[in-house]
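Participant: Below are the structure tokens for one structure; questions will follow.
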Amino acid sequence: MTTTLSGRDAYKDELARLAETEERIICLEADLGGKNHPFQSRHPDRFLNLGIAELAGVDIAAGLAEAGYVPFISTFAAFAALRASESVKLSMGYMGKNVKLVAPYGGVSGGWFGTTHHALEDIAVIQSFQNIRIACPHGEEETRRVIREAAASTEPYYIRLSRNDAFESLPRASERSCRDLLVEDRATDDRASLCLISVGEQATELCKKLAGEYEIVAHAHACYVDSQSLKAYVEPLKALADRFLVVEEHRATGGTASYLALLMPEHPVYSHNCGEQWPIYGGTHEEVLADLGFGLEPLRRQILSLAGGPDGI
Amino acid sequence: MEQSIPVYREEQELSNLALADRATEARKLILDMAATPTGCHVGGSLSAIDLLVVAYAKYGHDKSTSVILSKGHAAAALYAALYVYGKLPSNPAESYGKQGSLYTGHPNHKLPGIPFATGSLGHGVAYAAGWALAQKLRGTGGLGIAIGGDGELQEGLVWETAQIAQARSLANFVYIVDCNGGQNDGHVDDISPIRNLKERFEAFGFAVREIDGHRHDAIFSAITPDRERPLAVLARTVKGKGVAAFEGNPDAHYAKIPANLAKRWKVNLS
């Protein structure tokens, strides 16, 4: 039986595989890639642990990109999006250097590691820089596909991953890009009363469960959440429902729901998010999320409330 | 990818006189930019211009070498140096700082010859190290050359990069520090002194050369890379060099000057 890999393990494996035939790929780490990195063992000449130097690492990646390499640089989301923020803004956003920034530990997936290792603000920061593709893949297969898409693209990428969550991705036709909105099949052809829009791994798992329980609820999974991708989602979303509930492991401010609401002013866009509190407690990923009011039952209550109560649904 | 600077003459033909002429023309352009309605960072531009002119003379023809002005506030010097090597499509002084002009107050990567937009200090040093790393991996022999300021050394990013440069044995990384002793609010020594600079770079594993940053022959010789280690060239310069009213004056960090003064000072330069 094959074990499903976490997103960050899938990233390492897929990148090492891609590098077999793409010599321009180079793998950079900021001392958080872990031992026994598959890229290091398979391509030692193109694996560089630059040490604990995130700001310099992103700029150095820009220099490598300018010289024709396709650098993938990885560190935890908090350090990638926040500590190295200015380098990301300038090298990737403003100058559009072909750098792929891969950020595990997105959201509060670090669990008991604490707030220094959490990133509930990263999408707001990166989205505001413009021109950077932002992908939040769900599960192993979608992560692998996003890594392939990033390697084939000349655009800068921010790829948000979790820590050790290992999920089966939603099925997607092989010819479809992860940039396409992925709509789960429903039991009815009726127009949905509410469409859940899932962003990220835990959110997608919650939406899978609840959309399956309520016939009038649709589920659209958004793998990419940069502003260009969100604009492309507008018409497909409008075809599904009139009201939307974005589920994302992020702050309310600057999240995907905020921008979608601006793009669809005639449609109500609600948000299930991690609120305004700091995650000060330990626990597993799911437990820390629960402390922030994010989870299956709070989401169920929100759906029922929007539907006018259990009778409405 | 393309960032080669057309050379004025073949390297063998270069003489101090040719470089001196070019540096003088560049200084005049800097004064012209200081005489625009916006003014410019004139002091640091005049201190760095000899470093830029010589770096382009020596390496401008080499496509595998990248010269980056990391102290981006000296954009007037960068534009002037590129212009005197025929790289820019128009005289930067004619539209510097104006609406619709790419000649912004900090280097604009939309212009030819400028692969990286500097201005936020420290980033250009790291970018140049990345370029050097790429050339080392490819075995091209190309260099990454950063020209920074001594005030810029207060940025942590510079030392992050120095750490990586030595760890990666980037012998093709050349870091030229324009040591003019000044920064925005005054003298470096009064604000946050950078003591024992030579020893600091040596402790980071760099080869270090100290030179007069206005002597072209000394610059030309000093920016040849070390065989084994990254190289720091500590170029002792004078802020505002070439204009008596500016020389050594920290108030010359940024200035707007009347056109008649610019005209007179340009004559003096000649």
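Every number in this text was worked out from the coordinates using simple rules, so none of it is lab data. Just so it is clear, the model here is predicted, and its values are computed rather than measured. Here Cβ is always computed from backbone atoms with ideal geometry, including for glycine, and neighbour counts include all displayed protein chains.
Participant: Tilt of helix B:42-59 relative to the longest C-alpha principal axis of chain B, in degrees (0 to 90, nearest 10)?
Facilitator: Computed tilt is about 50 degrees.
Participant: Continuing with this model, one more query. Where does the Debye-calculated log10 I(q)/I(0) of the protein assembly as shown sit at q = 0.06, 0.12 Å⁻¹, using only Cα point scatterers of equal weight, no solvent?
Facilitator: Normalising to I(0) and taking log10 leaves -0.36, -1.07.
Participant: Let me ask something else about it. Across chain A, where is the longest run that never hits GluC sites (Glu not before Pro) in a DSSP loop with at most 16 other C-beta atoms within 10 Å?
Facilitator: With a cap of 16 other Cβ atoms within 10 Å, the longest stretch comes to A:24-167.
Participant: Mind pulling the angle between the C-alpha long axis of helix A:139-152 and the longest principal axis of chain A? Nearest 10 degrees, somewhere in 0 to 90.
Facilitator: Result, in degrees: 50.
Participant: Helix B:259-269 versus the longest principal axis of chain B: what angle, 0 to 90°, nearest 10, using Cα atoms?
Facilitator: Between helix and principal axis, roughly 60 degrees.
Participant: Identify unpaired cysteines across the protein assembly as shown, taking unpaired to mean no other cysteine Cβ lies under 4.7 Å from the residue's Cβ.
Facilitator: Cysteines of the protein assembly as shown left without a disulfide-compatible partner: A:27, A:136, A:195, A:207, A:274, B:40, B:179.
Participant: Put +1 on the Cβ of each Lys and Arg and -1 on the Cβ of each Asp and Glu in the stretch A:182-306; which of A:290, A:220, A:260 then has its Cα farthest toward the positive end of the dipole?
Facilitator: Of A:290, A:220, A:260, it is A:260.
Participant: Counting helices only, and only those DSSP H runs with n ≥ 4, report the 222 nm mean residue ellipticity of the protein assembly as shown as the sum of -39,500 (n - 2.57) divided by its residues, in deg cm²/dmol to the nearest 500.
Facilitator: -10500 deg cm²/dmol
Participant: Now for a separate question. Semi-axes of chain A's equivalent ellipsoid from the Cα gyration tensor, sqrt of 5 times each eigenvalue, largest first, rounded to whole Å?
Facilitator: For chain A, the semi-axes come out at 32, 20, 19 Å.
Participant: What is the sum of charges, Lys and Arg at +1 and Asp and Glu at -1, for the other residues whose Cβ falls under 14 Å from the Cβ of residue A:85?
Facilitator: The answer is -3.
Participant: Here's something else I'd like to know. Report the calculated FRET efficiency for residue B:228 and residue A:131 (r = Cβ-Cβ distance, R0 = 41 Å), to the nearest 0.05.
Facilitator: Between residue B:228 and residue A:131 the formula returns 0.55.
Participant: Next question. Provide the net charge surrounding residue B:211, with neighbours chosen by a C-beta distance below 10 Å and charges set as Lys +1, Arg +1, Asp -1, Glu -1.
Facilitator: Within the 10 Å Cβ shell, the charges total 0.
Participant: Ok, one more. Go ahead and run the numbers for FRET between residue B:212 and residue A:41, Cβ-Cβ distance against an R0 of 41 Å, rounding to 0.05.
Facilitator: According to the calculation, E is roughly 0.25.
Participant: Amide H to amide H under 5 Å from residue A:102: which residues, 5+ apart in sequence or cross-chain, H placed 1.01 Å off N in plane?
Facilitator: Those lying under 5 Å, H to H, from residue A:102 are A:73, A:74, A:75, A:159.
Participant: Something else: Got a sec? Which residues in the stretch A:66-84 would a label at residue A:164 touch, if it sits 7 Å along Cα→Cβ and we count backbone N under 18 Å?
Facilitator: Those under the cut-off are A:76-77.
Participant: Sort largest first and round to whole Å: the equivalent ellipsoid semi-axes of chain B, each the square root of five times a Cα gyration tensor eigenvalue.
Facilitator: Computed over chain B, the values are 27, 21, 17 Å.
Participant: Another question, then. Shape verdict for the stretch A:7-160, please, from the Cα gyration tensor: rounded (a/c under 1.5), prolate (a/b greater than b/c) or oblate.
Facilitator: rounded
Participant: Given the pairs B:58/B:256; B:58/B:136; A:89/B:241; B:98/B:136; A:97/B:241; B:71/B:110, which are separated by over 29 angstrom at their Cα positions?
Facilitator: The pairs that break the limit, which is 29 Å between Cα atoms, are B:58/B:256; A:89/B:241; B:98/B:136; A:97/B:241.
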